[in-house]
Amino acid sequence: MKGLVLYERGKTEIREVQKPECGDRDILIKVESAAICGGDVHFYNGALPCLGEYPIILGHEFAGTIAKMGPHADTYWNVGDRVISENTASVCGRCPACEKGNFVNCPERETLGCSVDGAFTQYVKIPGDLLAVYPNCLFRLPEEIPMETAPLLEPAANAYMAVVQEGQMMPGENVVVFGAGALGLFSVQMAKIAGAAKIILIGMPSDEESRFPCGRKLGATHTIINGEGVDLAAEVDKICGMSGAALCIDAAGAPAVLKQAVEIVRNDGIVVRIGMNDKPYGYGMNEVNVKSVSITGHMGYNTTSWRNVISLAAAGKLDLASLVSHRLPLSQIKHGFELLKDQTAIKIVIDPDN
Ligand SMILES: [Zn+2]
Ligand SMILES: [Zn+2]
């Protein structure tokens, strides 16, 4: 089978790779559909090193069918089941994070497509050792959710965690979202689903063409370009009035954005930082205390986030399809990365069989 292999920092190529062996308790998934994540772009352009050992097959947002099960695999599952994986490859099962079911925060966690072989190929192995401690690392995919858009449940689960679980948004509150990439757009949609009054999406001039229209379709009541001479705090004030913005989602990650988010959010408000950026911040943080702002570092999701986004999508209340801007065969995946680099694409879905 073919796979997109990260073989050195910032170096990828399509290679012939080994189909994984299915051990005694393992489950082998035939990948039917995968999506490129913003994180994959960091691996692709070298901003992030492989989190395990080179070479690895990239890809952590994927759905498929169970192709094979080891003789002692979890009998809850059957060959042919439609499934979505939350991309964990292993956890310790014993640390305080695992104890609470926050497996994404396990310091020992290995991730499919980030530290071990992932899904930009035809088959992925879900280890039996993992299923033994964390059976919900695999979810049944309801018939109502097409295979093609199912990988987008992963960023949707992230946004659910950020807006609802970490952001604690209540119906009637106003929400500001920085960044109009997939996580920003899903955050807009989650705020809409959770009943936000005003949803302000803040982006770059390049977002005007495709990302802002998508954001408005998904629930943004206002869109603002974050540029020279724009007084964001005044704009947000005008829109939100005395209630202010209870929640700011930073799905951009630039140092300047966190400062703006703290300025914009109301006293006692919450800022959830989803975006990442290594650059030094270079400014004081006293306003965080003065305004009693809570800043939450966001990483991933938990079983509750997954369960609920799957239910929303199956009920027709979560729009995945509108975020798919391109569909490409695996053979053209590198073109997909280029499209994401220039920030015009939103989500690119990959067909692993072509
Ligand atoms: Zn992702
Ligand atoms: Zn652990």
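The values are calculated or read from the model by the stated rules, or taken from the named source; none is laboratory data. Quick caveat: nothing in here was measured; it's all calculated off a predicted structure. We place every Cβ from the backbone using ideal geometry, glycine too, and count neighbours over all the protein chains shown.
A few comments on the model shown:
- Odd one out for Gly10 among (1) away from ligand 1 (no atom under 14 Å from the Cβ); (2) over 13 Å from Phe337 (Cα atoms): (2)
- Filter result (at pLDDT 95 or above and among the acidic types (Asp, Glu)) within the stretch 296-338: Asp319
- Any strands (runs of 3 or more DSSP E) falling wholly within the stretch 33-117 and containing at least 1 residues that are out of contact with any helix residue (DSSP H, G or I) (no Cβ under 9 Å at 6 or more places or on another chain) and over 24 Å from Thr304 (Cβ atoms): 61-69
- The criterion of at least 2 residues that are surrounded by 24 or more Cβ atoms within 10 Å (Cβ to Cβ) is met by the following strands (runs of 3 or more DSSP E) wholly inside the stretch 123-181: 123-126, 175-178.
- Within the stretch 88-104, the residues that satisfy the criterion of being within 16 Å of ligand 1 (Cβ to nearest atom) and out of contact with any strand residue (DSSP E or B) (no Cβ under 6 Å at 6 or more places or on another chain) are Thr88, Val104.
- Hey, Glu110 in contact with a strand residue (DSSP E or B) (Cβ under 7 Å, 6 or more places away or on another chain), within 16 Å of ligand 1 (Cβ to nearest atom) and of a type in the set (Asp, Glu) or not: yes
- Residues of the stretch 182-209 satisfying the condition of being buried (at least 24 other Cβ atoms within 10 Å of the Cβ) and at pLDDT below 95: Asp207
- If the condition is being surrounded by 22 or more Cβ atoms within 10 Å (Cβ to Cβ) and under 25 Å from Gly39 (Cα atoms), then the stretch 224-256 contributes Leu247, Cys248, Ile249, Asp250, Ala251, Ala252.
- Test: residue in the stretch 315-330 that is surrounded by 15 or more Cβ atoms within 10 Å (Cβ to Cβ) and in contact with a His (Cβ under 8 Å, 6 or more places away or on another chain): yes
- The residue that is farthest from ligand 2 (Cβ to nearest atom), counting only those in the stretch 90-111 that are charged (D, E, K, R) and free of Cβ contacts under 8 Å to residues at least 24 places away in the same chain, is Lys100.
- Residue satisfying condition, being among the hydrophobic types (A, V, I, L, M, F, W, C) and within 28 Å of Tyr134 (Cα to Cα), within set Ala315, Ala345: Ala315
- Being surrounded by fewer than 18 Cβ atoms within 10 Å (Cβ to Cβ), assigned by TED's automatic domain parsing to the domain that holds Glu173 and basic (Lys, Arg) is a property that Lys334 lacks.
- Test: residue in the stretch 71-80 that is more than 16 Å from ligand 2 (Cβ to nearest atom), more than 28 Å from Leu312 (Cβ to Cβ), at pLDDT 95 or above and crowded, with 20+ Cβ neighbours inside 10 Å: yes
- Annotation note: Cβ proximity below 9 Å between a residue of the stretch 238-256 that is within 15 Å of Gly203 (Cβ to Cβ) and in the same structural domain as Ile270 (by TED's automatic domain parsing) and a residue that is among the charged types (D, E, K, R) and part of a strand (DSSP E or B) (sequence gap 6+ or interchain) occurs for Ile249/Arg273; Asp250/Arg273; Ala251/Arg273; Gly253/Arg273.
- Any hit, the stretch 113-128, residues being over 16 Å from the mean Cα position of the chain (by Cα), within 15 Å of ligand 1 (Cβ to nearest atom) and among the charged types (D, E, K, R): no
- Qualifying positions in the stretch 32-45 - of a type outside the set (Asp, Glu) and within 15 Å of ligand 1 (Cβ to nearest atom): Ser33, Ala34, Ala35, Ile36, Cys37, Gly38, Gly39, Val41, His42, Phe43, Tyr44
- Qualifying residue in the stretch 275-296 (condition: touching a residue at least 12 places away in the same chain (Cβ under 8 Å), assigned by TED's automatic domain parsing to the domain that holds Val177, closer than 30 Å to Glu144 by Cβ and surrounded by 16 or more Cβ atoms within 10 Å (Cβ to Cβ)): no
- Where Leu48 falls short, out of the listed (1) more than 15 Å from ligand 1 (Cβ to nearest atom); (2) over 21 Å from Val133 (Cα atoms); (3) not acidic (Asp, Glu): (1)
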